[in-house]
Each structure stands twice: as C-alpha cells, then as structure tokens.
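The values are calculated or read from the model by the stated rules, or taken from the named source; none is laboratory data. Because the structure is predicted, anything quoted here is derived from the model rather than measured. Note: ideal-geometry Cβ built from the backbone for every residue, glycine included; neighbour counts use all protein chains shown.
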Amino acid sequence: MRHLFLIAVLLCAPLPALAHKVIAGVFPSGDAIEGELGFSNGDMAARTEVFVTGPDGAELGRTITDEDGFFLFVPTAPVAHTFRADLGAGHVAEVTMPAEEVAGILGAAAPATPEAEPPAVPAPAADADASMAALAEPRRRAIAEAVRNEIRPLRREIAAYREHNDLQTILGGIGYIVGLFGLGFYLAARRRLAG
C-alpha cells in the first residue's frame, strides 16, 4: 500500500515548466537600427515580419528577420520607433527605441519641445577633414560589422543565462528540496508508528 501511495505522490508532483520568454532588443548600428527577436531557450525568430510604428501608432515601415533572428531598419525620422512582431502561440515581441537614440543614428536633434530653442547649425568642415572622413568611413563600417557579429552570440548567451537563473527557478528548487524532506519525514514517521 505504501508503494502505491508513493507512486501516486510522484505522479501528482509538478513537472518543471518548459516555458520560455521572448527576447527582443534593438540598438544603434551605424546608420541603421539593428534588433533581434527570439526566445530565451535559444530559438530565434527566423524569417519573421517586424512592423515598425512611430509614437502616434502610424506605420513607419516593415522588415524581416534573418535566419538568426536579427533585423536591420534604416530610420528616416528622429522619433521613437516601436518594433512589434507576432512570434506565434501567443508570443508577441515589442520593443521601443527612444527618439533620442534614433536622432543620434540620424545625426539630427530629437524633436524639440515648444519651449526649446532650435539647435545651432555646425560650421562646415574643412575639405581635408571631409576627405579623411570619407576614407575612414569604409574601415569604420567594416570594424563595426565585425564587432556586431562577435557580440551577437554573447547577447544570446546572456539572455539564456538570465532565463535559467531567475528567482523563480531558485525558489522552485528550494521548494523541491523542502518537499523531499517533508516526504522523508512522513515516511519515517509512518515507519515508527507501524513498528
């Protein structure tokens, strides 16, 4: 009878949840906004359409993720950009890049408040400086691309680490340990009463 009770308890024990969270992030990437979409278990949202909207909800454009869940979007206005994608099964990714960061990408000032004065126009650069900048631009882009490619796996690993070591997981482990001790004490008490 005791074995039957133990089997029933084990069958009723909760199994670890295999849930995963949505990963969504955007960051400046040269003259574009780069982002990634996927899940904390490492599955990325490949070939997923991403809708881009402004602060008023108007669509600013669309883009599609690559095989690794990354996308690029070139902004045209220094306003907040919200990226939204339906990843299926009720998972929706949504992330916003603030207007100040978009303005930095465009090299423009963020939209001014009514009280703010318009920004001063910078003086034109000398011809020598302009030609040096033009020569350095391809090298800078190549270096930025290499750095982005090296950082992508690190971002994914950090997101997975956060998912697996969150407070809920730790408390769940402590709960299992307490439950096993309780079961052990129960079985020991039953043996004493029977013997």
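Can you tell me which residue within region 19-43, out of those that are of a type outside the set (Ser, Thr, Tyr) and over 28 Å from Ala99 (Cβ atoms), is surrounded by the most Cβ atoms within 10 Å (Cβ to Cβ)? Full working, then the answer.
Step one: list which residues in region 19-43 are of a type outside the set (Ser, Thr, Tyr), which gives 19-28, 30-39, 41-43.
Going one step further and asking which of them are over 28 Å from Ala99 (Cβ atoms), we end up with 19-20, 39, 41-43.
Working: Ala19: 10, His20: 15, Phe39: 20, Asn41: 14, Gly42: 13, Asp43: 12.
Per the criteria, the residue is Phe39.
Restricting region 36-66 to residues that are in a loop (DSSP other than H, G, I, E, B) and modelled with pLDDT under 90, which is farthest from the chain's Cα centre (by Cα)?
It comes out as Ala46.
Residues in region 50-94 that are more than 13 Å from Gly38 (Cα to Cα), free of Cβ contacts under 8 Å to residues at least 40 places away in the same chain and among the aromatic types (Phe, Trp, Tyr): Phe51 only.
Results for (1) of a type in the set (Gly, Ala, Ser); (2) modelled with pLDDT of 90 or more, shown as yes or no for each residue.
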| residue | (1), (2) |
| --- | --- |
| Pro75 | no, yes |
| Pro78 | no, yes |
| Asp86 | no, yes |
| Ala89 | yes, no |
| Glu94 | no, yes |
| Glu100 | no, yes |
| Leu106 | no, no |
| Ala112 | yes, no |
| Glu115 | no, no |
